[in-house]
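> Pasting in a structure now, in C-alpha cells, and then I'll have a few things to ask.
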Amino acid sequence: MEGTEFTMKKSSLFSISALAAVAALTLAGCAADTATETTEAASETAVEATAGRACVILPDADSGTRWEPGDRPALEKALTAAGYEVDIQNAQSDTAKFATIADQQLSKGCGVMLLVDYQGAGISVAEKAKAQGIPVIAYDRPIAGADYYVSFDNEVVGAMQGQMIVDGLAAAGKDIATASIIYSSGDPADGNAAMFLNGALSVLDAAGASAAFTMEGTWDGTKAGTLFEQAFTAVSGKVDAVLAPNDNNAASIIAILDKNGLTVPVSGQDASIAGLQNVLLGKQYATVYKPFTIEAEAGAAMAISILKGEVPATNKTLEDGTPFLALDPISVGADQVKDVVAAGDATVEALCTADVAAACAKYGIN
Ligand code: BGC
C-alpha cells in the first residue's frame with residue numbers, strides 16, 4: 001500500500017516538473033513578450049523542486065540512543081522512497097543552532113518540515129514555516145502551532161512504565177503501598193515528558209503507590225545519574241523501585257544501583273541496545289519499544305497526504321487542538337527481546353556481548 005503511494009508520488013512529481021519544463025521551453029520559443037511567462041514557468045519549476053524537499057531537524061545526538069542511529073536512517077529511507085529530496089540536520093542540544101538550521105533550510109526551500117522539538121525551539125520555526133505556507137509536522141514531540149503531530153501514544157508509553165513498577169514490585173514480593181519508589185521524568189521542556197509522567201501516574205496512583213522522592217526532570221543521562229545519587233542519599237539508600245523515563249536515564253540510574261549492590265525494578269523506554277541488555281540482565285524490568293520505521297513511515301505518509309491537499313489520518317487531538325496520529329507502543333520484557341531482534345531493530349551481535357551472552361541464550365536470542 002505505502003509502497004504504491006510512494007511510487008505514485010515520485011512519478012507525479014516528476015511529471016509535474018517535466019510538464020513545467022516543457023512549458024518553459026515552448027514559451028521560450030515564442031515571441032519576446034512572453035518573457036514574463038517564461039520566468040513564471042521557470043519559477044514554477046523551482047517551486048516544484050522545493051515542494052519535493054523535506055526538511056527535518058533532529059534535537060540532539062545523545063539524549064536517547066534513538067535520533068541519530070534510529071530516526072535519521074528510518075526517516076531518510078521513508079522520505080526518499082516517497083520521492084522527496086531529504087535534508088536532515090541535528091540541532092545538537094542547541095536552541096540557537098535549531099533556529100539557524102531552520103533558516104538555512106527555509107532559504108533553500110522546503111515542501112514540508114518535520115521537526116523534533118528541542119526545548120521549545122520548534123515553536124518559532126513552525127511560525128516562520130507556516131508564514132511561508134510550508135506545512136509543519138511535529139515529529140515525536142509536540143510543538144505548539146504545528147499543523148499535525150505524529151508520535152507513539154505518549155500517555156500509553158507512560159502507563160506501560162507505571163505498570164513495570166507495579167509488576168516489578170509484585171514480582172519482588174513487595175507491598176506497593178509501603179514501597180520506597182523514586183519518581184523521575186524527562187526534560188519538562190519536552191511536551192512528551194509530562195504525557196509520559198501523567199500516563200505513569202495514572203497507573204501508579206491507582207495501584208496505591210506514592211513517591212518517596214521526586215527527581216527533577218531531564219533527558220541528560222549524566223545529569224540523571226547525579227540527580228539519582230542525591231535522591232539515593234535523601235532516602236538513605238532505601239530504594240524499592242525507580243520510575244525512569246527512558247533507557248538512557250535508566251542506564252545511569254542502574255549504574256548507581258549496581259555500585260550500591262541493589263537490583264530493583266526500573267522502567268525505561270526506547271528498546272535501545274543498552275536498555276535491552278539491562279532488561280536481559282534483570283536490572284531493568286522492561287522497556288517500551290517504539291519502532292523507528294513505523295514512526296518514520298507514518299511521518300512520511302502524513303507529509304505526502306498534506307502535500308496532495310488531503311487531510312491526513314489522525315486518531316487523537318492534543319489538548320491545544322493539534323490533530324495527532326498516535327501509534328501503538330509495545331512493552332518489552334526479557335521474554336520479548338527476541339521479537340525486537342526478529343523485527344530487525346536490534347542485532348544479536350550488538351546485544352549478546354560477553355556478560356549478556358548467557359542471558360541471550362536463556363531468552364532464546366541467537
Ligand atoms: C522521546 C523518547 C526519547 C526522549 C529523549 C522523547 O521525546 O519520545 O523516545 O527517549 O525524548 O530523547
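> Can you say whether Phe98 is aromatic (Phe, Trp, Tyr), at pLDDT 95 or above and in a helix (DSSP H, G or I), as far as the supplied structure shows?
Working: aromatic (Phe, Trp, Tyr): yes; at pLDDT 95 or above: yes; in a helix (DSSP H, G or I): yes.
It is true that Phe98 is aromatic (Phe, Trp, Tyr), at pLDDT 95 or above and in a helix (DSSP H, G or I).
> Collect the residues in region 135-164 that are away from the ligand (no atom under 15 Å from the Cβ), outside any strand (DSSP E or B) and without any contact (Cβ under 8 Å) to a residue 60 or more places away in the chain, keeping them in residue-number order.
Passing the criteria: only Gly145.
> Somewhere in region 174-196, is a residue exposed (fewer than 14 other Cβ atoms within 10 Å of the Cβ) and touching a residue at least 40 places away in the same chain (Cβ under 8 Å)?
no
> List every residue pair whose Cβ atoms sit under 6 Å apart, with the two residues 6 or more apart in sequence or on different chains, where the first one lies in region 60-77 and is over 20 Å from Ala224 (Cβ atoms) and the second, anywhere, is away from the ligand (no atom under 12 Å from the Cβ).
These pairs meet every condition: Arg72/Ile88; Ala74/Thr293; Ala74/Ala296; Leu75/Val56; Leu75/Ala296; Glu76/Val86.
> Kindly indicate whether any position in region 267-280 is more than 22 Å from the chain's Cα centre (by Cα) and not in a loop (DSSP other than H, G, I, E, B). Explain how you work it out, then say what you get.
Taking region 267-280 as the starting set, the residues that turn out to be more than 22 Å from the chain's Cα centre (by Cα) are 280.
If we keep only those that are not in a loop (DSSP other than H, G, I, E, B) as well, we get 280.
Yes, some residue in region 267-280 is more than 22 Å from the chain's Cα centre (by Cα) and not in a loop (DSSP other than H, G, I, E, B).
> Could you go through region 281-296 and let me know if any residue there is over 29 Å from Asp147 (Cα atoms), at pLDDT 95 or above, within 16 Å of the ligand (Cβ to nearest atom) and more than 16 Å from the chain's Cα centre (by Cα). So that I can check it myself, show each step before the final result.
So in region 281-296, the residues over 29 Å from Asp147 (Cα atoms) come out as 281-287.
Cutting the leftovers down to at pLDDT 95 or above gives us 281-287.
Checking which are within 16 Å of the ligand (Cβ to nearest atom) leaves us with 284, 286-287.
With more than 16 Å from the chain's Cα centre (by Cα) added as a condition, the list becomes 284, 286.
Within region 281-296, one or more residues are over 29 Å from Asp147 (Cα atoms), at pLDDT 95 or above, within 16 Å of the ligand (Cβ to nearest atom) and more than 16 Å from the chain's Cα centre (by Cα).
> If you check Val311, Val341, which single one turns out to be aliphatic (A, V, I, L, M) and in the same structural domain as Gln163 (by TED's automatic domain parsing)?
Result: Val341 is the single residue among Val311, Val341 that is aliphatic (A, V, I, L, M) and in the same structural domain as Gln163 (by TED's automatic domain parsing).
> If you check Gly333, Gly309, which single one turns out to be on the phi > 0 side of the Ramachandran plot and away from the ligand (no atom under 16 Å from the Cβ)? Explain how you work it out, then say what you get.
Numbers: Gly333 fails: on the phi > 0 side of the Ramachandran plot.
None of the others qualify; the one that does is Gly309.
> Also, I was wondering about something else. If I ask for residues that are within 13 Å of the ligand (Cβ to nearest atom) and buried (at least 24 other Cβ atoms within 10 Å of the Cβ), which ones from region 240-259 would you list?
Ala244, Pro245, Asn246, Asp247, Asn248, Asn249, Ala250
> When you check Asp167 against the structure, is it farther than 23 Å from Ser305 by Cβ, of a type in the set (D, E, K, R) and modelled with pLDDT of 95 or more, yes or no?
Working: farther than 23 Å from Ser305 by Cβ: yes; of a type in the set (D, E, K, R): yes; modelled with pLDDT of 95 or more: yes.
Considered against the rule, which asks whether it is farther than 23 Å from Ser305 by Cβ, of a type in the set (D, E, K, R) and modelled with pLDDT of 95 or more, Asp167 comes out as yes.
> Moving to a separate point now. Right, Thr226: more than 15 Å from the ligand (Cβ to nearest atom), without any contact (Cβ under 8 Å) to a residue 12 or more places away in the chain and of a type in the set (Val, Ile, Thr) or not? Walk me through it before giving the result.
Values: more than 15 Å from the ligand (Cβ to nearest atom): yes; without any contact (Cβ under 8 Å) to a residue 12 or more places away in the chain: yes; of a type in the set (Val, Ile, Thr): yes.
It is true that Thr226 is more than 15 Å from the ligand (Cβ to nearest atom), without any contact (Cβ under 8 Å) to a residue 12 or more places away in the chain and of a type in the set (Val, Ile, Thr).
> While we're on this one: Hey, among the residues in region 308-354 that are more than 18 Å from the chain's Cα centre (by Cα) and of a type in the set (Lys, Arg), which one's surrounded by the fewest Cβ atoms within 10 Å (Cβ to Cβ)?
Lys308
A quick yes/no check of all residues on (1) touching a Cys at 6+ places or on another chain (Cβ under 8 Å); (2) hydrophobic (A, V, I, L, M, F, W, C); (3) under 16 Å from Val288 (Cβ atoms):
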position: Tyr149; (1), (2), (3): no, no, no
position: Phe152; (1), (2), (3): no, yes, yes
position: Val157; (1), (2), (3): no, yes, yes
position: Ala209; (1), (2), (3): no, yes, no
position: Trp219; (1), (2), (3): no, yes, yes
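> Being within 16 Å of the ligand (Cβ to nearest atom) and not assigned by TED's automatic domain parsing to the domain that holds Asp62 narrows it down to one residue among Gly168, Gly208, Gly221, Gly237; which is it? Don't jump to the end; show me each part of the working.
Working: Gly168 fails: within 16 Å of the ligand (Cβ to nearest atom); Gly208 fails: within 16 Å of the ligand (Cβ to nearest atom); Gly237 fails: within 16 Å of the ligand (Cβ to nearest atom).
It is Gly221.
The values are calculated or read from the model by the stated rules, or taken from the named source; none is laboratory data. Just so you know, these numbers come straight off a predicted model, no measurement behind them. In this analysis, Cβ positions are derived from the backbone assuming ideal geometry, glycine residues included, and neighbour counts consider all displayed protein chains.
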